[in-house]
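Read through the structure below, which is laid out as structure tokens, and then see the notes.
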């Protein structure tokens, strides 16, 4: 009888040891799988976070207020150069620039931006707009950089600033386009900040992209 009890206790002990080891194996496997799940595609996770939380500019600007200020300024303008430095003022304050300062006007007029940028080593010219270059400019803006699109077809070509965020597919352009800040001197009431580039400019090889490094 005692022999049977001893055998039974030994059997129970061995069984308990096996169950304990089995549970440890399961917990170890769970830990491995959990770690693997986190490491499956860390790059994709970082990219998603970058898109959803674009970097802020050095100084945040109320674009809606700037558009309204520009429209109000143009309505009250009496001199040719009145309000023509509005876009320059915005980008200078946002990105703490110095190259567009002017001793008389405070900031140079918008058509002075292009020649200054072309001469400066601090600016990168991406050239004509295509899907690759416009995407590069948008990513630069999302990192907190300054990206401008300038109409080089004339001396007083329109200047717009790319705003970080979503893109919109344009049928006329045949590509995804970012939103821009557009302060339109010849038609101030058509100025905006929350619409696609297609609303500000027509597709043309004369449109050039400039990035402030």
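The values are calculated or read from the model by the stated rules, or taken from the named source; none is laboratory data. As the structure is a computational prediction, the values presented were derived from the model and not from experiment. Don't worry about glycine lacking a Cβ; one is built from the backbone with ideal geometry, like all the others, and counts go over all protein chains shown.
Quick notes
- Residue check, residue 66 in contact with a helix residue (DSSP H, G or I) (Cβ under 6 Å, 6 or more places away or on another chain) and either within 25 Å of residue 202 (Cα to Cα) or part of a helix (DSSP H, G or I) (or both): yes
- Residue 37, sole failed condition from (1) at pLDDT below 50; (2) under 23 Å from residue 138 (Cβ atoms): (2)
- Failed item in (1) closer than 22 Å to residue 80 by Cα; (2) modelled with pLDDT of 95 or more, with residue 156 passing the rest: (2)
- Where residue 168 falls short, out of the listed (1) part of a loop (DSSP other than H, G, I, E, B); (2) over 25 Å from residue 97 (Cα atoms); (3) touching a residue at least 24 places away in the same chain (Cβ under 8 Å): (1)
- For region 140-153, taking the residues that are assigned to a loop (DSSP other than H, G, I, E, B) and in contact with a helix residue (DSSP H, G or I) (Cβ under 9 Å, 6 or more places away or on another chain), the one that is farthest from residue 98 (Cα to Cα) is identified as 152.
- Positions within region 83-108 being assigned to a loop (DSSP other than H, G, I, E, B) and either touching a strand residue (DSSP E or B) at 6+ places or on another chain (Cβ under 8 Å) or loosely packed, with under 14 Cβ neighbours inside 10 Å (or both), in sequence order: 85, 96, 97, 98, 100, 103, 104, 108
- Some residue of region 73-80 being touching a residue at least 40 places away in the same chain (Cβ under 8 Å), under 16 Å from residue 113 (Cβ atoms) and either assigned by TED's automatic domain parsing to the domain that holds residue 180 or within 20 Å of the chain's Cα centre (by Cα) (or both): no
- When each of 150, 163 is tested for being within 17 Å of residue 85 (Cα to Cα) and surrounded by 19 or more Cβ atoms within 10 Å (Cβ to Cβ), the lone residue that passes is 150.
- Between 157, 145, the distinction of being surrounded by 18 or more Cβ atoms within 10 Å (Cβ to Cβ) and either within 23 Å of residue 62 (Cα to Cα) or within 21 Å of the chain's Cα centre (by Cα) (or both) belongs to 145 only.
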